[in-house]
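Single-structure report; data block below.
The values are calculated or read from the model by the stated rules, or taken from the named source; none is laboratory data. These numbers were taken from a predicted model, which means no experiment stands behind them. Don't worry about glycine lacking a Cβ; one is built from the backbone with ideal geometry, like all the others, and counts go over all protein chains shown. Ligands, DNA and RNA are stripped out before the accessible areas are found, and what is left, the full protein with its side chains, is counted by its heavy atoms. Shrake-Rupley method; radii C 1.70, N 1.55, O 1.52, S 1.80 Å.
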Amino acid sequence: MPLVSMNEFLPKAKENKFAVGQFNMNNLEFAQAITDAAIEENSPFIFGVSEGALKYMGMEYTVAIAEAAAKKSGLPIALHLDHGSSFEVAMKCIRGGFSSVMFDGSHYTLEENIRLTKEVVKAARAMGVSVEGELGTIGGVEDDISVDEEHANLAKPEEAIRFYEETGVDCLAIAVGTAHGMYKGEPKIHYDIIEQVAKAVPVPIVLHGGSGVPDEAIRLSVAAGVGKINVNTENQVACTEAIREVLAKDAVVYDPRKYLTPARKAMVEVVKAKIRLFGSSNQA
């Protein structure tokens with residue numbers, strides 16, 4: 001089937017209290033691993049593509065790989081721009097074949113974030129493309145963007161509700177205590193903020209920084225109203241550890257298939273475990 005917008009499955013996720021995973025596509029092996037895991041679990045999913053990954057892979061390869069995954073799997077798959085920095089980038093992705101985009105205006109004032117997000121929503125909606133917005137600042141490192149804990153700030157529920165009402169985004173990422181990257185300690189997630197916002201808006205809440213969050217914290221977040229969870233770092237770690245293991249055992253290995261095959265298998269296991277944890281198995 002063709003790529004779909006997140007509206008093909010997020011309303012169902014909200015209604016039935018499960019979450020759909022966004023797994024970042026960084027190359028062909030990531031795409032294959034994520035798709036194979038989802039086929040096994042019969043789950044919808046979202047390919048997340050950051051601006052850095054898009055620059056690395058190129059628009060044509062990125063879209064072609066995602067379309068091939070959708071055709072092969074028959075699953076509802078959204079190709080989603082992650083942390084889009086501008087209206088222009090979002091439009092470039094929509095024109096290139098993305099079925100979903102995120103505009104991250106969290107570093108602007110609330111009024112400016114609302115204004116800019118509304119522009120993206122208006123243009124995307126005309127093309128049948130879903131939009132994710134963000135409020136509050138999520139800490140950690142993603143691509144070349146780094147936000148230390150001191151400058152991370154939680155979303156205010158009343159502002160998040162107003163943001164949704166004025167923009168009409170299809171899902172809403174709010175800063176609730178998670179961070180990009182792996183955690184040194186255990187994240188303190190503010191379930192009360194998730195619950196308050198989720199009860200007031202008809203769309204799912206998005207949890208960024210899902211890698212390394214304890215399973216029980218994920219379950220509580222989904223119960224509170226999270227319907228989309230982003231995972232990237234855990235796949236990157238699994239991939240790299242598998243490659244290191246192969247190269248450490250045999251210093252003369254030079255065929256990339258010899259180390260990328262086990263790397264792909266390692267990522268399949270990560271994604272399958274996340275899909276089961278999120279509750280999206282057999283929801284395709």
Check your understanding: By how many nm would the segment from ASN27 to ILE39 grow when fully extended, if each residue of separation counts as 0.36 nm and the alpha-carbon distance is taken off?
Key -> 2.5 nm
Check your understanding: How high is the FRET efficiency between VAL237 and GLU186 when r is their beta carbon distance and R₀ equals 22 Å, given to the nearest 0.05?
Key -> 0.80
Review point. With every protein chain present, what is the per residue accessible area of the range 169-257 (1.4 Å probe, Å²)?
Key: 46
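Per the helix-only calculation at 222 nm, which mean residue ellipticity applies to the chain, given -39500 (n - 2.57) for every DSSP H run of n ≥ 4 and division by its residues, nearest 500 deg cm²/dmol?
Working: 11 runs with 141 residues, N = 284.
Computed ellipticity for the chain at 222 nm equals -15500 deg cm²/dmol.
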Practice item. Step through the residues of the range 56-64 one at a time and calculate ³J(HN,Hα) from phi using the Karplus curve (6.51 cos²θ - 1.76 cosθ + 1.60, θ = phi - 60°), rounding each to whole Hz and writing x for Gly and Pro. Key: 5, 8, x, 4, 5, 5, 4, 5, 5
Review point. ³J(HN,Hα) across the range 155-167 via Karplus (A = 6.51, B = -1.76, C = 1.60, θ = phi - 60°), whole Hz, x for Gly/Pro?
Key: 6, 8, x, 5, 6, 5, 5, 4, 4, 5, 4, 8, 9
Check your understanding: Counting only residues 5 or more places away or on other chains, whose amide H sits under 5 Å from the amide H of ASN42 once H atoms are built in the peptide plane?
Key -> ASN282
Exercise for review: Averaging sequence separations of C-alpha pairs under 8 Å and six or more residues apart, then dividing by the length of the chain, give the relative contact order as a whole percent.
Suggested key: 23
Review point. Considering only protein heavy atoms and a 1.4 Å probe, what is the carbon-and-sulfur percentage of the accessible area of the chain?
Key: 52
Revision key, fill the gap. Of the candidates PRO44, ASN16, ALA69, the farthest towards the positive dipole end of the range 3-91 (Lys/Arg Cβ +1, Asp/Glu Cβ -1, centred on the Cα centre) is ASN16
Check your understanding: Of MET57, MET1, MET25, which has the most accessible area and how do the rest follow, probe 1.4 Å?
Key -> MET1, MET57, MET25
Point to revise | Hz values of 3J(HN,Hα) by residue in the range 171-178 - Karplus curve (6.51, -1.76, 1.60), Gly and Pro given as x | key: 7, 10, 8, 10, 6, 10, x, 8
Check your understanding: From the cross-link list LYS71/LYS265; LYS199/LYS228; LYS71/LYS228; LYS55/LYS272; LYS14/LYS199, which pairs have alpha carbons spaced over 18 Å apart?
Key -> LYS71/LYS265; LYS71/LYS228; LYS55/LYS272
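Semi-axes of the equivalent ellipsoid for the range 204-251, please: Cα gyration tensor eigenvalues, times 5, square-rooted, ordered largest first, whole Å. Display every interim value, and only then the final one.
Details: eigenvalues 207, 19, 5 Å².
Listed largest to smallest, the semi-axes of the range 204-251 are 32, 10, 5 Å.
Any idea what the dipole of the chain comes to, in debye rounded to 20, about its Cα centre with Lys/Arg Cβ at +1 and Asp/Glu Cβ at -1?
Result for the chain is approximately 860 debye, rounded to the nearest 20.
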Check your understanding: Counting only the heavy atoms of the protein chains, how much of TYR191 is accessible to a 1.4 Å probe, in Å² to the nearest 10?
Key -> 70
Review point. Tally Lys/Arg at +1 and Asp/Glu at -1 over every other residue whose Cβ is under 13 Å from the Cβ of ARG95; what's the total?
Key: -1
Check your understanding: For the chain, rounded, prolate or oblate, judged on the Cα gyration tensor with a ≥ b ≥ c (square roots of eigenvalues), a/c < 1.5 rounded, else prolate if a/b > b/c?
Key -> prolate
Practice item. Classify the range 185-284 as rounded, prolate or oblate, taking a ≥ b ≥ c as the square roots of the eigenvalues of its Cα gyration tensor: rounded when a/c is under 1.5, otherwise prolate if a/b is larger than b/c and oblate if not. Key: prolate
Review point. What does the accessible area of LEU3 come to, in Å² to the nearest 10, when a probe of 1.4 Å is used?
Key: 30
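At 1.4 Å probe size, put THR261, THR167, THR109 in order of accessible surface, largest to smallest.
Numbers: THR261 50, THR167 10, THR109 90 Å².
Result of the area sort, largest leading: THR109, THR261, THR167.
Within 11 Å, Cβ to Cβ, of ALA263, how many net charges do the neighbouring residues add up to if Lys/Arg are +1 and Asp/Glu are -1?
Details: positive: ARG244, ARG257, LYS258, ARG264, LYS265; negative: GLU29, GLU241, GLU245.
Summing Lys and Arg as +1 and Asp and Glu as -1 gives +2.
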